[in-house]
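Sharing a structure, written as structure tokens. Questions coming.
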Amino acid sequence: MQPSASSPAPSPATSAAPLFDERLTAPRSWWLIAGLFGLSGGLIMVPMGTVPMLGGLIVVAVLAGAAVSSYGSARIRVVAGSLVAGDARIPVSALGRAEALDAEEARAWRTYKADPRAFMLMRGYVTRAVRIEVTDPSDPTPYVYLSSREPEELVAALDAVRADAQD
């Protein structure tokens, strides 16, 4: 079906397509380590024979791979006027200023500047981050801290949704 010429284009805030979408995948070295865990599982089973060795290799490799995949499956998206980070879905209207953090500032907000009430989706292998103030007076969370490989793009997407909501 062709869209009619009179139908308005969907706005970025209401469009189903995300303005920003990032998956915080685990580094390749973690997959190598998962493979080595599988190899060690097979080596442990060598004295019991070939079939148990292969079973140990497969079972341990699958379990280690599932753990790495699970940890690396965290996603950050800006879609339909909301920030979706992991399991959290926060309307952009409840968020304040977003700030892209370089590696040193991100480390500071993960450690000595951190507030225990903050929502944090962090991955140690991602050095940069975004800090977003929470402006909802009913929410005790002072800010949202998100590890991101593309913090400037995330801030720009949040600003675009905010600007579109004001129009």
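So which chymotrypsin sites (Phe, Trp or Tyr not before Pro) in region 93-122 end up in coil per DSSP with only 12 or fewer other C-beta atoms within 10 Å?
Tyr112
Shifting gears a bit: Helix 151-166: angle to the longest alpha-carbon principal axis of the chain, degrees 0 to 90, nearest 10?
Long axis of 151-166 versus the principal axis of the chain: about 30 degrees.
Dividing the alpha-carbon Rg of region 83-143 by 2.2 N^0.38 Å yields what?
Against the empirical 2.2 N^0.38 Å value, I get 1.10 for region 83-143.
Would you work out which of Val161, Ser70, Pro151 lies farthest towards the positive end of the dipole of the chain? Charges go on Cβ: Lys and Arg +1, Asp and Glu -1.
Sorting the options by dipole projection puts first Ser70.
Express the accessible area of region 51-117 per residue in Å², computed with a 1.4 Å probe while the remaining protein chains stay in the model.
With the other protein chains kept in place, region 51-117 gives 55 Å² per residue.
Another question, if that's okay. Which value, in debye to the nearest 20, describes the size of the charge dipole of the chain about its Cα centre when Lys and Arg Cβ atoms bear +1, Asp and Glu Cβ atoms bear -1, and nothing else is charged?
I would put it at about 600 debye.
Roughly how many percent of the accessible protein surface of the chain is carbon and sulfur, given a 1.4 Å probe and a whole-percent answer? Could you put the intermediate results ahead of the total?
Values: 6070 of 9800 Å².
The C+S portion of the solvent-accessible surface of the chain is 62 percent.
Still on this structure, please answer the following. So what are the chain's ellipsoid semi-axes, whole angstrom, largest first, if each one is the square root of 5 times an eigenvalue of the alpha-carbon gyration tensor? Show your work: numbers first, answer last.
Details: eigenvalues 325, 101, 30 Å².
Equivalent ellipsoid semi-axes, largest first: 40, 23, 12 Å.
For the chain, take the longest principal axis of its alpha carbons; what is the angle in degrees between that and the long axis of helix 50-71, to the nearest 10 within 0 to 90?
Here the helix axis deviates by roughly 20 degrees.
Hey, what angle do you get for helix 28-44 against the long axis of the chain, alpha-carbon based, 0 to 90 degrees rounded to 10?
Approximately 30 degrees, to the nearest 10.
Averaging sequence separations of C-alpha pairs under 8 Å and six or more residues apart, then dividing by the length of the chain, give the relative contact order as a whole percent. Mind dumping the intermediate values first?
Working: 265 pairs, mean separation 37.7, N = 167.
Dividing the mean separation by the residue count of the chain yields 23 percent.
The values are calculated or read from the model by the stated rules, or taken from the named source; none is laboratory data. Here the structure is a predicted model, which means the values were calculated and not measured. Cβ atoms come from the backbone with ideal geometry, glycine included; neighbour counts cover every protein chain shown. Accessible surface is based on the protein model in full, side chains and every heavy atom, while ligands, DNA and RNA are left aside. Shrake-Rupley method; radii C 1.70, N 1.55, O 1.52, S 1.80 Å.
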